[in-house]
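Inspection log for the structure reproduced underneath, given as structure tokens.
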Amino acid sequence: MDLRDSLLMMAGYNRWMNEKLYAVCAQVPDEERKRDRKAFFRSIHGALNHLLLTDRGWMGRFEGKPWAFGALNQELYADFDELRRERATTDREIEAFVTATTSQRLDAPFEYQNYAGKTFSHPLGPALVHLFNHQTHHRGQVTTLLSQLGIDVGVTDAIAFYREQVLPAA
């Protein structure tokens, strides 16, 4: 499996896991989703907003259309249903981008500025790896917060996605 194939799998896993996580979070009352739980982005809702915000930031960079935002904890959508719809849209955009990306483009130079204005340059591939790793990291925080509420998200392993979604299609 080369990097492009791995990223295609991670794009699918990302969508699959977000669908599972949002389905569970939809069962949690809004007040509980937004309660400050002393997590890095304070609440379940805050972490979900952060992930959408940063994914849009990265996608803007990848597509050469930088998307400016003020802070990493900026709330994009206070309404959970709207946040969920926008998450699904962004996940489809991520999958489409990765599907259209060639191995040559993954190795090609990629230059961008972070939200603080610092410029970086490296191949595109590691930036995409970061996007998916960042998602997994913060989803882990959300599953911990849900677990503290007595809610089990179920299996979150990428290999479970592979077995359920990729192998049967092959």
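Read-outs: derived from the displayed coordinates by stated rules, not from any lab. Note that the structure is predicted; figures quoted are calculated from it, not measured. All Cβ positions, glycine included, derive from the backbone under ideal geometry; neighbour counts span all protein chains shown.
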Quick one: go through the range 17-61 and flag any residue whose amide nitrogen is under 18 Å from the point 7 Å out along the Cα-to-Cβ line of residue 108. 59-61
What does the helix-only formula give at 222 nm for the chain: each DSSP H stretch with n ≥ 4 adding -39500 (n - 2.57), the total divided by the residues, and the result rounded to the nearest 500 deg cm²/dmol? -19500 deg cm²/dmol
So if I take the centroid of the Cα atoms in the range 1-58 and the same for the range 72-107, what is the distance between those two points in Å? 10
Using 10 Å bins from zero, what percent of all Cα-Cα pairs in the chain falls into each bin? 9, 38, 35, 16, 2
Apply the Karplus parameterisation 6.51 cos²θ - 1.76 cosθ + 1.60, with θ equal to phi minus 60°, to every residue of the range 115-123 and state each ³J(HN,Hα) to the nearest whole Hz, in sequence, with x for glycine and proline. 5, 8, x, 7, 8, 10, 9, 6, x
Give me the distance in nm between label points sitting 7 Å out from Cα along the Cα-to-Cβ direction at residue 96 and residue 81, one decimal. 2.4
Other-chain or far-sequence residues with amide H under 5 Å of residue 110's (modelled H): 122, 124
List the lysines whose Cα lies under 21 Å from the Cα of residue 118, skipping any in the same chain that are fewer than 8 positions away. 65
Do any trypsin sites (Lys or Arg not before Pro) in the range 77-137 lie in a loop, going by DSSP, with at most 16 other beta-carbon atoms within 10 Å of their beta carbon, and if so which? 118
Check: the range 80-170 dipole with +1 on Lys, Arg Cβ and -1 on Asp, Glu Cβ, in debye: 120
